[in-house]
Each structure stands twice: as C-alpha cells, then as structure tokens.
Amino acid sequence: IARAIHAQSLRRNAPFVDLNCSAIPDTLVEAELFGHQRGTFTGAHETRRGLFEEASGGTIFLDEVDALNLQAQAKLLRVLQERSVRRVGGRENIPINVRIISATNRDLMASVSDGSFRIDLLYRLRVIPLHVPELRKRSDDIKLLAEFFLQRHCERYGGPRRYLSADASEMLMSYSWPGNVRELENAMEFAAAIAVNEELTPADLPPEVCRNDNVQTGNWSAELTGNESLAEIERRYILKVFKHSGQHQIKTASVLGIDRRTLYRKLRQFGALENAQGSPARIY
C-alpha cells in the first residue's frame, strides 16, 4: 500500500525507501535513519548518508514503527518537526523533503499508555490514518492476490503458468490467514515450487492451510456401524484423510497430528502407497 501511494503521487519519480524498524538493532537505528560521519564509531570508515537523505524528494516507509526505542522516537520527532536531519557525529542540519509513511500492527494508544511510545510522536505521525483490515476480512482479495503471487513465483522458478483449481481456491478462501498477505505469498511460493501439474489442487498447498477444519472428511460418524474394532476405525479414518488431502502425506500427517514416518509406516501397512502420487517409497 505504501508503494502504491508513492507510485501514484507526484513523488513517483523520486526514491521509495523502506525500513523494517524491528530488524535494526537499537544501537544502529539512529545511524541507519540519519547517517553518520566518518570515524564516529568503530567501523565508521567513511561518511554515510542515512535513509532520510536517500529518500530525498520521495517517500520513506517505516514499517513496525512501534519497534523504535524511546531515544530513536525522540530523534524522529525532532526530524518531523524541523524537517532536517543531523548525522551521528555531525554538526550540520541537513534539510529533507520526504513523505513519511509508517505502519504498525499494534494499538499505539495502548503503547502510549504503557510508556513504550511517545504520544507527541503518535500525533505527529497520525495525520491521515489508514486502517487495513486483516486478509480474512477481505475475502474478495484472496483469490486475486493468490493468482498474482502464483504467477510471480512460477516465473521466478522458470516453470509454466499455473492456475488454481476450484477446490484449491475454496480452501484458500476458507483459511483464516493469521499471517495475512505475507503468509499468502509464502503459500503460493510453496505451491509454485512443488506443483507438478498446471492446475493446482489442495494437495499443492502448505500443510497449515489444509489443517483441521480446512480438510473436510465428510460426516465420519454416519459411516460407522458400531461394530468396527479400534484398529479398523483407525485404518478407515487415516485412509479417508489421506484421500481427501489429495494423497499428500505432509498434509495428512498434519491433519491427523502424527509424525510423517508414523503415517508412512501405517500407509504402507494398509497397502495405500502403491496407488499414491509419486514413488511408493516417497515421503513428502
């Protein structure tokens, strides 16, 4: 979204610079954002511009801005107010002209209450707030994004174009996506890497997408007569889940909650591997 805002603005021909604030050690945040002078600290062999200078005329995106420590927040607030930066170890104020977009998945008012985020910085950043709903609340986006990511990774791996079957699309739509768009992209990269056919089935999706309620095994209780032994019930249920997962052993083991080698041993005992996808001895 930050990239889309930049690309559709008058700043689109200037740099777009992004920083994941949680990925930078506290001791390096100030130098990363504002730059440093040569010899300021060990390893500073040359003067270096910070990200604010690199984004001059364009946009800087601060992801997970709540991860900044209080000292860095104070320095950022000064930059926002004075519209200039001072490199670590420097004496000169360098004017900047950048759009700042920040993001967080936390309630910053709660962070203000517990003392981990400055309220003056919150108000300075929150000029035009945008709320992006969780992916599960934007179900219409799931298939569009999945198809986009799928083609991107198919091109990356040099394979043919692939498309989602109706069952695979339905499974993607029914999953809760706790990791939101990033998790969806990872799922499509997984599918692009392991798929054999052009049409992707649920068997090509990551195990967690097909876990538990996402793999429907029908009305199991209605199929029992009450005269089966425990061993027979186990055999029938394992084979049923195996069938409904597209004979995919990782997904089957995940749904059953057992180790893959235990599943392989049982499937071999039941004679179910001879007709399974791939080699009879293959463990997915």
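The values are calculated or read from the model by the stated rules, or taken from the named source; none is laboratory data. Keep in mind that what you see is a predicted model, and the values were worked out from it rather than measured. Virtual Cβ from ideal backbone geometry, glycine too; neighbours counted across all protein chains shown. For the accessible areas, the whole protein counts, side chains as well, though only heavy atoms, and no ligand, DNA or RNA atoms are used. Shrake-Rupley method; radii C 1.70, N 1.55, O 1.52, S 1.80 Å.
Residues whose amide H comes within less than 5 Å of that of Gly35, counting only those at least five positions distant or on another chain, are Gly50, Leu51, Val88 (H built at 1.01 Å from N in the peptide plane).
When the Debye formula is applied to the Cα atoms of the stretch 9-77, each taken as the same point scatterer, what base-10 log of I(q)/I(0) results at q = 0.26, 0.28 Å⁻¹? Values, matching the q order: -1.18, -1.24.
A simple packing score, the average count of other Cβ atoms within 10 Å per residue, orders the peptides 78-87, 19-28 as 78-87, 19-28, with the highest score first.
Round to a whole number: what % of the accessible area of the chain belongs to carbon and sulfur, probe 1.4 Å?
After summing per-atom areas, the C and S share lands at 48 percent.
Distances between every pair of Cα atoms in the stretch 83-174, grouped in 5 Å steps from 0 to the bin holding the largest one, split as 2, 9, 12, 11, 11, 11, 10, 10, 10, 7, 3, 1, 0 percent. Treating each Cα of the chain as an identical point scatterer and ignoring solvent, apply the Debye formula and state log10 I(q)/I(0) at q = 0.12 Å⁻¹. Debye intensities relative to I(0), on a log10 scale: -0.89. Accessible surface calculations at 1.4 Å, restricted to protein heavy atoms, place the chain at 59 Å² per residue.
Each Cα pair of the stretch 78-237 feeds into the Kirkwood radius, which the Stokes-Einstein equation turns, at 20 °C and 1.002 mPa s, into a diffusion coefficient of 105 µm²/s. Restricting the calculation to alpha carbons of the stretch 1-131 gives Rg and Dmax of 14.7, 43 angstrom. The local environment of Ser84, defined by Cβ-Cβ distances under 10 Å, has a net charge of +1 under the rule Lys, Arg +1 and Asp, Glu -1.
In this structure the amide hydrogen of Thr47, modeled in the peptide plane, comes within under 5 Å of the amide hydrogens of Arg38, none closer than 5 places in sequence on its chain. Each Lys or Arg adds one and each Asp or Glu subtracts one; over the other residues with Cβ under 14 Å from the Cβ of Arg156, this totals 0. With Cα atoms as the point set, the radius of gyration and Dmax of the stretch 70-127 evaluate to 12.7, 36 Å. Taking 7 Å steps out from each Cα toward its Cβ at Leu130 and Ala231 produces label points 6.2 nm apart. Rounded to whole Å, the principal axis extents of the Cα atoms in the stretch 1-46 read 41, 22, 11, largest first.
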